[in-house]
1. Note the full-extension length gain between Ala53 and Asp112 as 0.36 nm times their separation in residues minus their Cα-Cα distance, in nm to one decimal.
2. Would you mind getting me the FRET efficiency between Asn349 and Ser375? Use the beta-carbon distance for r and R0 = 22 Å, nearest 0.05.
3. Which cross-chain or sequence-distant (5 or more) residues have an amide H under 5 Å from the amide H of Tyr404, H modelled 1.01 Å from N in plane?
4. Once fully extended, how much extra length lies between Lys176 and His28, figured as 0.36 nm per residue of separation less the alpha-carbon to alpha-carbon distance?
5. Suppose R0 equals 41 Å; then what is the FRET efficiency for His156 and Asn13 from their Cβ-Cβ distance, rounded to the nearest 0.05?
6. Considering only protein heavy atoms, what is the solvent-accessible area of His332 at a probe of 1.4 Å, reported in Å² to the nearest 10?
7. List the relative contact order of the stretch 450-528 as a percent without decimals, with contacts defined as Cα pairs under 8 Å and 6+ residues apart.
8. Using a Förster distance of 25 angstrom, determine the FRET efficiency expected from the C-beta separation of Asn501 and Lys335, and round it to 0.05.
Amino acid sequence: MLILQNLSYIHPNKDLLFGNLNLTVNKHQKAALIGNNGVGKSTLLRIIAKLIAPAQGQVVTDATPYYIPQLIGQLNHLTIAEALGLAPKLTALREILDGKATEANMLVLDDDWTIEERCFEALNYWKLSEFELSQKLENLSGGQKTKVFLAGIFIHQPELVLLDEPSNHLDIEARKLLYDYISSTSHTLLVVSHDRKLLNLLDTVCELTPKGIRMYGGNFDFYTAQKQVEQSALTQDVKSKEKALRKAKQKERETVERQQKLDARGKKKQEKAGIATIMLNTLRNTAEKSTSKIKNVHTEKIGGISQDLQDLRKQLPAIDKMKFGFQNSCIHKGKVLITARGLNFSYGNDNLWQSDLNFQLASGERIELKGSNGSGKTTLIKLLLGDLQSQKGSLIHSDIQAIYIDQDYSLLNNPLNVFEQAEQFNNAALKEHEIKIRLNRFLLPKEDWDKSCQALSGGERMRLSLCCLTISSQSPDMIILDEPTNNLDIQNIEILTAAINEYEGTLLVVSHDELFLEQVNIERTIQL
């Protein structure tokens, strides 16, 4: 069991990240921890793993957590055995088998005679059998490092497992192994992930927001359905407040106009009646005060409704606040843009692909580029973009504009600030205030405009990239997406999905996110 009691964390700069969090995860429960980027999910896992201390509150657990971090690069200097905390035990076992059965070695081994066998079985399960336990992590890919730590679960058999974005660097085959583990395990799990297929294997969703943690008793689909009900109610509240605000403003206008007519009529009567000037001034002042008082009452009422409406709008999901407005490509749907005939490439003497490639890409198509690691997906993309030249066969291009968007959104120029970057795409000569309106529309407010692109989060980089494409006078004829959801939270994946579904040009996607591929309506696959 895991219990968080009044947990708070304050950054070293004294900013509060979260406060008074309370959560209970029962034994054998499988819980997702979700929330927008920057809300503190990874920090919370590190506190539970006892890697950092909270500002206040406590973590109560009857098990030692096994924690797999999102970023493992800082452990590159360690061997696999060292990174998994197995080195002392393995050394003790080997010394005992060599005849050095000292009391110290027996104490370290702690009767764990199958440790080496379990290591080999676990590495084999995760398709890492070619690696020795003495191998340095620096020689492994990102996906292989993650699989090493997943293998550690099988070796240590912990009761409580903390996973931070475990599927981020895994290919489809490795993801299936991860899904099988999550489905079959009896371990207590707390998982931070934006992988919606993985989230649907968990039985509880814990949503972390600046207001605290809210639990939903079901998988991600259940959570989504519940949120839709809540958002529908919220949208209805917003519409009701907007209607109330319009009525209040209309009532104010009508009341003021009526009072002004009464005042004018009264003034004429008073003048006809020959009332003294001093008395007329008194009556006029009284009328003005009366009108001002009526106006103040209405202003106060309108102000209250406006504030309520503003508070409600802040609760709307980000996607409801955005308008994409992509310009359409000039190329008619179905026109052949690229034709590959007998295409191949080699980095040495051997061809990259066993069979030469033959395919066409047509305007308006939605295509997945699929293949395991090392199958040449990146090389093919570079060939399509003209960054590499084929050594065999031909690649015929129409005159098209293609944009390449990778997982780091590196089409952005890091030294530029946000506003300067937007201006780079302003070939339609939009005025400064129009560019700023677009930035606001993509949830990049005034305080972000002077930030360097390098300082932006994954979600911010994605939204700025989309904003730049809408600022451009003409949408690209083809967008190539390379693992675009890897560094995004769920909210930003939904924003990206909505934007891509508005885009009418050709789409070529490399992604391990099966749900994203389904939601952007992939029509066919090029398999490498």
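1. 18.1 nm
2. About 0.75, to the nearest 0.05.
3. Ile480
4. Going from the current span to full extension adds 51.2 nm.
5. So, using R0 = 41 Å, E works out to roughly 0.70.
6. 120 Å²
7. 32 percent
8. So, using R0 = 25 Å, E works out to roughly 0.75.
The values are calculated or read from the model by the stated rules, or taken from the named source; none is laboratory data. Owing to the predicted nature of the structure, the values given are computational and were not obtained by experimental measurement. Cβ coordinates were reconstructed from backbone atoms using ideal geometry, including for glycine residues, and neighbour counts include every protein chain displayed. Side chains are part of the model used for accessible areas, which takes the heavy atoms of the whole protein and leaves out ligands, DNA and RNA. Shrake-Rupley method; radii C 1.70, N 1.55, O 1.52, S 1.80 Å.
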